[in-house]
Amino acid sequence: MTTPRAQGRLSPSRMNDFLGCEYRTWIDLERAAGRIELEAVPRPDAELILERGRRHEQRFLERLEADGHDVLRLPAATRPSRRR
């Protein structure tokens, strides 16, 4: 990430972050300068949200098929890998 100070301005996304939380902007600047590291903290509910999303998608596809729409199903080998 390029520091906004080096550019002399904040991008619209960074400005939105600032409006939501001034501290967030400070953290972003400190990370960009290499003074702090971002620690990845796993969300305990991530697996639940992922599973619910997959079930919702499956029900939606089944409903489309039941309504007479064509649904293309890709074989597992050609699907993009799922991020974890």
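Just so you know, all these numbers are worked out from the coordinates, no wet-lab data involved. Computed from a predicted structure; not experimentally measured. Glycine gets a Cβ as well: all are built from the backbone with ideal geometry, and neighbour counts include every protein chain shown.
Restricting segment 10-24 to residues that are assigned to a loop (DSSP other than H, G, I, E, B) and of a type outside the set (Gly, Ala, Ser), the residue that is surrounded by the most Cβ atoms within 10 Å (Cβ to Cβ) is LEU10.
In segment 25-53, what residues are of a type outside the set (Gly, Ala, Ser), part of a helix (DSSP H, G or I) and surrounded by 11 or more Cβ atoms within 10 Å (Cβ to Cβ)? Listed by number, the residues that qualify are THR25, TRP26, ILE27, ASP28, LEU29, GLU30, ARG31, GLU47, LEU50, ARG52.
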